[in-house]
Amino acid sequence: MTAKEYLLQAHYLDERITSKTQQIASLNELATRCTSTISDMPKSPNRGGSRMEDCIIKIIDLEDKLKEDIEKLINLKQEIMEVIRAVPNIEYQTLLEKRYLCFNTWEQISVDMNYSIQHIHRMHSSALKEIVVPS
């Protein structure tokens with residue numbers, strides 16, 4: 001695994017968390033739209049539970065998986081922070097933190113650090129060479 005691939009793991013996990021959060025919100029919205037149908041027809045004795053219960057259980061399962069992913073992200077970010085702190089150059093550390101922990105764009109990093117985008121890319125290239133990927 002290259003240094004860049006290692007550092008990008010947090011970003012990809014963050015995107016998955018965002019996606020799951022949106023899915024859960026959508027499912028919650030669907031669940032609140034569900035209404036019961038009142039009928040004098042007898043129910044099938046083989047059917048257990050209600051559809052609403054099934055839906056809520058599935059949402060809770062997804063929320064549990066989301067919590068697990070959030071915990072993984074926190075642990076991964078802590079690990080990445082330690083790897084970045086091992087880089088001797090403070091400017092490289094700042095650049096790597098902004099890019100791989102804060103997920104800032106190159107343009108935003110350029111403005112924040114008061115360098116041209118070209119210089120930021122050169123610094124980034126040099127900073128990646130300083131990264132020691134844990135095995």
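The values are calculated or read from the model by the stated rules, or taken from the named source; none is laboratory data. This one's a predicted model, so the numbers in the text were calculated from it and none came from an experiment. FYI the Cβ positions are ideal-geometry reconstructions off the backbone, even for glycines, and counts take in every protein chain you see.
Results, tabulated for the structure shown:
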read-out	value
Of residues in the stretch 114-135 being of a type in the set (S, T, N, Q) and outside any loop (DSSP other than H, G, I, E, B), the one farthest from Ile84 (Cα to Cα)	Gln118
Inter-residue pairs, beta-carbon under 6 Å, first under 22 Å from Glu79 (Cα atoms) and in contact (Cβ under 8 Å) with a residue 60 or more places away in the chain and in the stretch 98-115, second of a type outside the set (Lys, Arg) and assigned to a helix (DSSP H, G or I), 6+ apart	Tyr100/Leu7; Phe103/His11
Residues within the stretch 86-108 that are assigned to a loop (DSSP other than H, G, I, E, B) and either surrounded by 17 or more Cβ atoms within 10 Å (Cβ to Cβ) or under 22 Å from the mean Cα position of the chain (by Cα) (or both), tallied	6
Search result, residues across the stretch 1-10 that are part of a helix (DSSP H, G or I) and over 16 Å from Glu68 (Cα atoms)	Ala3, Lys4, Glu5, Tyr6, Leu7, Leu8
Condition broken by Leu73, with the remaining ones in (1) surrounded by 12 or more Cβ atoms within 10 Å (Cβ to Cβ); (2) at pLDDT 95 or above; (3) part of a helix (DSSP H, G or I) satisfied	(2)
Among (1) modelled with pLDDT under 95; (2) under 30 Å from Arg122 (Cα atoms), the one test that Glu63 misses	(2)
Hey, Ile117 at pLDDT below 90, over 21 Å from the mean Cα position of the chain (by Cα), among the β-branched types (Val, Ile, Thr) and more than 21 Å from Ala10 (Cβ to Cβ) or not	no
Some residue of the stretch 2-9 being in contact with a Pro (Cβ under 9 Å, 6 or more places away or on another chain), under 30 Å from Leu128 (Cα atoms) and modelled with pLDDT of 85 or more	yes
